[in-house]
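All remarks here apply to the structure that follows.
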Amino acid sequence: MSKKVKFNLNSMRAGMTVALLLVTMAGCSREQKPTVKKIPANAEFSGFFKSYANLKPVAGMEGAVGYAATNAQKNLHKYIACVIDPVEVYLASDADEAKLNETARAAATEYFRAALVKSVSSAYPVVDQAGPLVLRLRAAVVGVDFGGEVAAADKDADQKKGLAYSVNIGKVRVEMELLDSETGEQIAALVDKENLGNGAEIGSTQLARNVKWAAARAAFDGWALRVRDFLNASNELSPEDADKADKSYQPYSSATVAAK
Amino acid sequence: MKSALLTAVILLVSSSGLCAAADRPGETFHAYVDTDICSRLMLGPINEARVGCSLSTAKDGDEPVLIRLQNNMVLTVNKRKMVEKLVGQFMQATGQVKVSDGTMKLSEVSPEQAKDIPAGDPARKLIDPQTYRTDAKLYEKIRHELAMMPYTSEFDFISFSLMGTDVILTGWTVRSTNRSEAQSRVKDVEGVTSIVNNIDVLPLGHFDMQIRAGARAQLAQSLSRYFWGSGSDIKIVVKNGDIILLGTVATKEDSDLAFIRCNSVPGAFHVFNLLRVRKSSGS
């Protein structure tokens, strides 16, 4: 092989590497930075959903309003998996957003997302790609405020990552919606105002491990379980459908029964 | 010094033990080489009809699986080539079995004849014709429990067989929890003494999901009367690009139409039409 050809091959390789790097960087730059929004003053809802028009009190779930589509073609029964988006945060209207520590936000939202995955995945297996028969679960923690300064004794060992102010989730509520992952159409939604976070604060970025903040973890776990309860109730068969399902179900191996 | 020597000896002994465990070939048992479809739908004895089913579905490209003869357990194997030419035959299989997900790492196979399995061997249970005294009420209780399972859709098909008081669960599901839920429900039915769980959990890859959605759209368009709010009379099992149609329809024409419709689903490799036609009340 001549030197010229070798040179051309090397320059092609270098060019491809640069192109690959550029594509990768472009991909990175497109990644959305986590956004922290505020509840509009005196608003009933945060504005996380496009529409709250369909919400009605959920039977058997105090403090919750919800919606489940009853369209024959688009309802919860028509989906078999879901993708779960990163959880968003909405600060209380009067909260001082300058006090929000990014690491604490990430710790809290990642913990809640993991709790959602755990509670939802046995109903809708979690996949990593949107597509047909796949729901998109969006959730937001709404009404986050800040407490006092975190006591020195409670601070993380790594002071750089430590929180100056505790995150107060005492008045938090959760908004969650399930969309068709292809069209964005709302299939189900839940606004849970149940005050599970009463008295719970987060004063550490090590939320998952720190015993001190167990109340906050319990609140997130509780909200995730209520999301599952809502899904279970919405998936319950109507008496008419239960009758159809019962009549329709005939195992294939019945020939082996040969009852005597 | 002594303690260092002792530690070295312990390490040597334990590492050789570990190696021996890793090299262990597993267990050897009598098996029948079946296909995925027949093994999950034609439970019971290995008779002429069963062998016919195995051979015809294998010809159509269905995946070969092993049936452990002593308890009717279906095992998906890691080395498909080792068994695909033995479909419809008996053999001795050696390897490591993972009961929790119904898989087997095969290390050796050795073809054999049914007559090679001695009389009285538990493996003959599926070879020799047997009759089971089955309680119809018990059968109905199990059937009802499985029919009422939440989170089952037209993409799941769970079947069972009752032999005396032993239950074999089979079928396919898109939710892994349905596998354990079915077992748990049947376990709680009074009178059931043992359960073998052969329910296969289907992959949820994007490709299969597109085929599922495409098949449902095709069938709902022309056979909409079989679909209702939360389910349907027609079940659409999609596995690695293949569509298996199950359930019951009213006429042979509907069955043929379902088959034709599913054959036009983009990306589907093969359609296995196992729809049953409802017997008219007059016949």
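Using only the C-alpha atoms, the convex hull of chain B corresponds to 194 Å³ per residue. Leaving ligands and nucleic acids aside, the A/B contact buries around 3700 square angstrom of accessible area in total at a 1.4 Å probe radius. The distance from the alpha carbon centre of region A:211-239 to that of region B:59-82 is 40 Å, rounded to a whole number. Rolled with a 1.4 Å probe across the full set of protein chains, the surface gives B:Glu63 an accessible area near 40 Å².
To the nearest µm²/s, what D does Stokes-Einstein give for region B:187-249 at 4 °C and 1.567 mPa s, using the Kirkwood radius over alpha carbon pairs as Rh? Please report the intermediate quantities before stating the final value.
Values: Rh = 13.9 Å.
My calculation gives 93 µm²/s for D.
If you take the alpha carbon atoms of region B:27-130 and fit the smallest convex hull around them, that volume is 92 Å³ per residue. For region B:134-201, with all protein chains in place and a probe radius of 1.4 Å, 49% of the accessible heavy-atom surface sits on carbon or sulfur. Note on B:35-42: average number of Cβ atoms from other chains within 10 Å of each residue's Cβ is 1. For A:Arg173, the accessible area of its heavy atoms, probed at 1.4 Å with every protein chain present, is near 40 square angstrom.
Net charge within 13 Å of B:Asp101 by Cβ-Cβ distance, Lys/Arg positive one each and Asp/Glu negative one each, not counting B:Asp101 itself?
Values: positive: B:Lys98, B:Lys105, B:Arg179; negative: B:Asp200.
So the surrounding residues net to +2.
Heavy-atom accessible surface of A:Glu236, to the nearest 10 Å², is about 140 Å², with a 1.4 Å probe and all protein chains retained. With contacts taken as Cα pairs under 8 Å and at least 6 residues apart, region B:74-197 reaches a relative contact order of 17 percent.
The Cα center of region A:111-150 and the Cα center of region B:145-216 differ in position by 27 Å. Do any of A:Lys74/B:Lys141; A:Lys38/A:Lys78; A:Lys74/A:Lys118; B:Lys85/B:Lys105 go past 29 Å between their Cα atoms, and which? In this structure, A:Lys74/B:Lys141; A:Lys38/A:Lys78 lie more than 29 Å apart at Cα. Since only B:Gly52, B:Thr103, B:Leu86 are under comparison, the one whose Cα sits farthest along the positive direction of the charge dipole of region B:27-130, derived from C-beta charges on Lys, Arg, Asp and Glu, is B:Thr103. Extending 7 Å from Cα along the Cβ direction at B:Lys79 and again at A:Asn195 yields two label points whose distance is 6.6 nm. On the beta carbon distance between A:Ala72 and B:Glu140, with R0 = 35 Å, the FRET formula returns roughly 0.70.
Peptide A:77-88 shows a mean partner chain C-beta count of 3 within 10 Å per residue C-beta. Amide hydrogen proximity for A:Glu182: with H placed 1.01 Å from N in the peptide plane, the residues at 5 or more positions away or on another chain lying under 5 Å are A:Gly131. Of A:Leu76, B:Leu257, the order by accessible heavy-atom surface (1.4 Å probe, DNA, RNA and ligands excluded), from most exposed downward, is B:Leu257, A:Leu76.
Can you tally the net charge around B:Lys85? Count Lys and Arg as +1, Asp and Glu as -1, for every other residue whose Cβ sits under 13 Å from the Cβ of B:Lys85.
Values: positive: B:Lys59, B:Lys79, B:Arg80, B:Lys81; negative: B:Glu84.
Net of charged neighbours comes to +3.
The values are calculated or read from the model by the stated rules, or taken from the named source; none is laboratory data. Predicted, not measured: the structure shown is a model, and the values here were computed from it. Here Cβ is always computed from backbone atoms with ideal geometry, including for glycine, and neighbour counts include all displayed protein chains. The protein model used for the area step is the full one, side chains on, heavy atoms only, and it has no ligands, DNA or RNA in it. Shrake-Rupley method; radii C 1.70, N 1.55, O 1.52, S 1.80 Å.
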